[in-house]
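Asker: Below you'll find the structure I mean.
The values are calculated or read from the model by the stated rules, or taken from the named source; none is laboratory data. Note that the structure is predicted; figures quoted are calculated from it, not measured. Here Cβ is always computed from backbone atoms with ideal geometry, including for glycine, and neighbour counts include all displayed protein chains.
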Amino acid sequence: MNNEIWNRNKECMSRDELSDLQGKRLHKLVDLVYHNTPFYRHKMQELDLLPADIRTIDDIVKLPFTTKADLRDNYPVGLLATPMSEIVRIHASSGTTGSPTIVGYTSRDLEIWKEIIARALTAYGVTRGDIVSVGYGYGLFTGGLGAHYGVEHLGATVLPTSTGNTEKHIRLLRDLGVTGLACTPSYALYLAEALHKQGLSADDLKLRIGAFGAEPWTENMRHEIEERLGIQAYNIYGLSEIMGPGVAYECGCKDGSHIAEDHFYPEIINPETGEVLPVGQEGELVLTTLTKTGMPLLRYRTKDLTTLMPGTCACGRTSIRFTRILGRSDDMLIVRGINVFPSQVESVILEMPEFAPRYMLVVDRKNNLDTLEVQVELRPDSFSDDMGSMLDLRRKLGERLKSVLSISAEVKLVEPNSLPRSEGKSTRVIDKRVLA
Amino acid sequence: METIKQLSVFLENKGGRINDVAKALGEHGINMHAFSMAETTDFGILRLIVSDVEQAVGVLRAENFAVVLTDVVCISCPNVAGALSAILERLAEHQVFIEYMYAFAQGEKAHIVIRPSNLEECLKWLEEDDCDILADKQL
């Protein structure tokens, strides 16, 4: 196993030292936002809080939460803690509903960002000798440029392929002997498929390491990517509001993602009550940016559901880990009163080789009853002229879904390559319910 | 043994999908001699007998259709009352079951496409009865 650590001082710090550092940084942060961000000053005044009340990291629970709605309400730059002249870069989220959210970075923020990505890449085993293709979208999305500068900072070679031209991407992977790939897990599978279509396999490439993120994925998906691309696949976690990719990352142990805790402080809360839960309980991840100066956020509610894992990891890092994201509290569907996560559907589909790893969930309400339809692509070589075996296949998937989800779903077999493919975040749910 | 290669295509139930197949084949000069559709609520299997089956497979795969080839038997019989019954009676007598079939008649002749439960047995009994079994190029 790869034992390299980019920043041993910070990644392997004793817990006491870390907590001391976090407390000092939090105090500075609160001072910064109180004096420079009217939004936070007002919130703190409402709670009768002064910066001096926040002395140690444990005082964090006194502070207010920040939500995605707060970011939208303060569009475009109301949450900046610094004048625009200090901001050197802006990213924006897609914003499917309402305004996009804008994030501004100072040059110091960008230094920190590339540092944490270099930590992640090192944890995966990437070295200066590697060529890494960045297949995240370049532009307003944080994935492309974020990963790009991290690879450069590490000293490896970056190939800024971005998204879109898969044929050229494959050609460059082959011709340059590219060894690393950073993209969404769904795009990695799409690449594997495109490779197969060209009559090529993992043996024609030199890829060895993949850094995948920007959307939730499952252990089954990891196995499929690893097998089809002949690589070791690792999770990279991040969100644009906090920084972008690199907030947390897996190590060679593939047992939870390490949070860059000297920069981001994690808490787990009950998403309904906001109550902070003890370490080890499942809930919504809340992050505070301890060192950001452009657009620092206090206790940002990520909506990602996970569990914190305390204890030193076998890799030697002391930073706390979290388990695979179980879903998002806002992705979670409640169908006939039962919680349904798209990732559960995905794991069932991935276990059946007759289907492509792509699906769409359609939720509707007919005669006051919720309906769940799972659309899944048939793989071309699983098609049979025998109607009986086709119906059996559909029934088998329906039964497995029922046992995993605890509710029945209508399975709809769709033609190969007919579901929308995304090269960024996958959209896998259509909720047609109109609630009065 | 004379069988014919039938082309089966997986289709979702959505508007214009059958025409997408017909159009793709038409654009490549491939003629459809016969076809039938087996459908469920959400998908169907379109079964076709075409003028150039190998080319048709290539054309449809390039358009991302899932296709598969199946051996079927095509019989030609007089287009008169009772002709089909005589053939089917013979097959039933020998425990040859029919998974599906479709037919088309023109002038004095009728053609019947059969997917039997047992291809060899089916051909054996039809040949013994001197049935007119068509090969690929005879259509």
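Asker: Output the residues belonging to the stretch B:1-19 that are in a loop (DSSP other than H, G, I, E, B) and either within 12 Å of another protein chain (Cβ to nearest Cβ) or closer than 19 Å to B:T70 by Cα (or both). Quick ask: steps written out before the conclusion?
Answerer: First pass over the stretch B:1-19, keeping only residues in a loop (DSSP other than H, G, I, E, B): B:1-3, B:13-16.
Of everything in the stretch B:1-19, those that are in a loop (DSSP other than H, G, I, E, B) and either within 12 Å of another protein chain (Cβ to nearest Cβ) or closer than 19 Å to B:T70 by Cα (or both) turn out to be B:M1, B:E2, B:T3, B:N13, B:K14.
Asker: What's the number of the condition A:F355 fails, among (1) closer than 30 Å to A:K254 by Cβ; (2) in contact with a Phe, Trp or Tyr (Cβ under 6 Å, 6 or more places away or on another chain); (3) within 14 Å of chain B (Cβ to nearest Cβ)?
Answerer: Here A:F355 clears every test but (2).
Asker: Being more than 30 Å from the chain's Cα centre (by Cα), more than 9 Å from chain B (Cβ to nearest Cβ) and hydrophobic (A, V, I, L, M, F, W, C) narrows it down to one residue among A:L393, A:L397; which is it?
Answerer: Working: A:L397 fails: more than 30 Å from the chain's Cα centre (by Cα).
Only one candidate passes the filter, namely A:L393.
Asker: Restricting attention to the stretch A:292-309, does a residue exist that is in the same structural domain as A:W113 (by TED's automatic domain parsing), more than 22 Å from A:L26 (Cβ to Cβ) and at pLDDT 95 or above?
Answerer: yes
Asker: While we're looking at this one, here's another question. All but one of (1) surrounded by 19 or more Cβ atoms within 10 Å (Cβ to Cβ); (2) more than 12 Å from chain B (Cβ to nearest Cβ); (3) farther than 30 Å from A:I259 by Cβ; (4) among the β-branched types (V, I, T) hold for A:V345, so report the exception by its number.
Answerer: (3)
Asker: Still on this structure: With respect to the numbered conditions (1) under 22 Å from the mean Cα position of the chain (by Cα); (2) within 30 Å of A:R89 (Cα to Cα), which one is the sole condition not fulfilled by A:Q344?
Answerer: Just one mismatch for A:Q344, condition (2).
Asker: Give the stretch A:148-193 a look and list any residue that's in contact with a strand residue (DSSP E or B) (Cβ under 9 Å, 6 or more places away or on another chain), under 26 Å from A:W217 (Cα atoms) and part of a loop (DSSP other than H, G, I, E, B), or say none.
Answerer: Across the stretch A:148-193, the qualifying residues are A:P160, A:T161, A:S162, A:T163, A:V178, A:T179, A:T184.
Asker: Kindly indicate whether any position in the stretch A:307-316 is under 23 Å from A:W217 (Cβ atoms), more than 14 Å from every other protein chain (Cβ to nearest Cβ), without any contact (Cβ under 8 Å) to a residue 40 or more places away in the chain and crowded, with 21+ Cβ neighbours inside 10 Å. Please lay out each step first, then the result.
Answerer: First, the residues of the stretch A:307-316 that are under 23 Å from A:W217 (Cβ atoms): A:307-309, A:313-315.
Imposing the further condition that a residue be more than 14 Å from every other protein chain (Cβ to nearest Cβ) reduces the set to A:307-309, A:313-315.
Filter once more, keeping what is without any contact (Cβ under 8 Å) to a residue 40 or more places away in the chain: A:307.
Narrowing further to those that are crowded, with 21+ Cβ neighbours inside 10 Å: none.
No, because not a single residue in the stretch A:307-316 is under 23 Å from A:W217 (Cβ atoms), more than 14 Å from every other protein chain (Cβ to nearest Cβ), without any contact (Cβ under 8 Å) to a residue 40 or more places away in the chain and crowded, with 21+ Cβ neighbours inside 10 Å.
Asker: Moving on. Could you figure out which of (1) in contact with a helix residue (DSSP H, G or I) (Cβ under 7 Å, 6 or more places away or on another chain); (2) part of a helix (DSSP H, G or I); (3) closer than 20 Å to A:G246 by Cβ isn't true of A:V126?
Answerer: (2)
Asker: Within the stretch A:408-424, is even one residue buried (at least 16 other Cβ atoms within 10 Å of the Cβ), more than 14 Å from chain B (Cβ to nearest Cβ) and farther than 27 Å from B:E63 by Cβ?
Answerer: no
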